[in-house]
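Structure record follows, encoded as structure tokens.
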Amino acid sequence: MAANYNNSAWFYDRLSHLVYGRALVEAQVYLLQFIPPNSNLLIVGGGTGWILDEITRIHPSGLQVTYVEVAPKMIAISKTRDTGGNKVIFINDAMENVPLIDDFDIVVTPFFV
Ligand SMILES: C[S@@+](CC[C@H](N)C(=O)[O-])C[C@H]1O[C@@H](n2cnc3c(N)ncnc32)[C@H](O)[C@@H]1O
């Protein structure tokens, strides 16, 4: 693993906002409007999962989301997010270890590397 985000999970979002302001959030949120309804989505390295709240604001239901995040504490916080009526599968592993059998309409890798 290139960097370990597990220990910083509880303050990661605050730190990110402190360093980058709203820039990283706005860049990601801007793109969410282009997700077609009822898409099959892959999210890699979603961090604390705040993006799930934002996705649900736009698509309260109908999406199939596979959410892959390597840091256990990041994924624990992500599981508390509002996913509405969307179907979300959380996978706590490194992306490179995950055999994916689905076809995805959209792949989101938000500042993952
Ligand atoms: C820079 S953070 C960005 C978090 C979030 N996307 C955001 O914009 O707030 C990168 C995230 O990718 C995760 N990550 C790093 N390598 C990964 C891998 N190989 N597979 C899955 N997740 C990974 C980290 O645990 C971390 O939560």
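Of note:
- Candidate set: segment 58-71, residues that are free of Cβ contacts under 8 Å to residues at least 60 places away in the same chain and within 9 Å of the ligand (Cβ to nearest atom); chosen: the one surrounded by the fewest Cβ atoms within 10 Å (Cβ to Cβ): Val68
- Any hit, segment 71-91, residues being of a type in the set (Phe, Trp, Tyr) and closer than 20 Å to Phe34 by Cβ: no
- Any chance Val65 is in a helix (DSSP H, G or I), among the β-branched types (Val, Ile, Thr) and farther than 18 Å from Asn97 by Cβ: no
- Residue match in segment 45-59 (condition: closer than 11 Å to Asp105 by Cβ and more than 14 Å from the chain's Cα centre (by Cα)): no
- Tally of residues being near the ligand (Cβ under 8 Å from one of its atoms) and either touching a Gly at 6+ places or on another chain (Cβ under 7 Å) or on the phi > 0 side of the Ramachandran plot (or both) across segment 6-46: 2
- In segment 96-107, the residues that are under 9 Å from Leu42 (Cα atoms) and among the hydrophobic types (A, V, I, L, M, F, W, C) form Cβ pairs under 6 Å with partners that are away from the ligand (no atom under 12 Å from the Cβ) and assigned to a loop (DSSP other than H, G, I, E, B), at six or more places apart or across chains, as follows: Ile106/Ile35; Ile106/Ser39.
- Candidate set: segment 72-93, residues that are closer than 14 Å to Ile43 by Cβ and part of a loop (DSSP other than H, G, I, E, B); chosen: the one least open to solvent (accessible area, probe 1.4 Å): Thr83
- With respect to the conditions (1) open to solvent by 60 Å² or more (accessible area, probe 1.4 Å); (2) modelled with pLDDT under 95; (3) in a loop (DSSP other than H, G, I, E, B), Pro37 lacks only one, and its number is (2).
- Among the residues making up segment 2-20, those that are open to solvent by 70 Å² or more (accessible area, probe 1.4 Å) and part of a helix (DSSP H, G or I) are Arg14, Leu15, His17, Leu18, Val19, Tyr20.
The values are calculated or read from the model by the stated rules, or taken from the named source; none is laboratory data. This structure is a prediction, so every number in the text was calculated from the model and none was measured. We place every Cβ from the backbone using ideal geometry, glycine too, and count neighbours over all the protein chains shown. Keep in mind that these areas ignore ligands, DNA and RNA; they rest on the heavy atoms of the full protein, side chains included. Shrake-Rupley method; radii C 1.70, N 1.55, O 1.52, S 1.80 Å.
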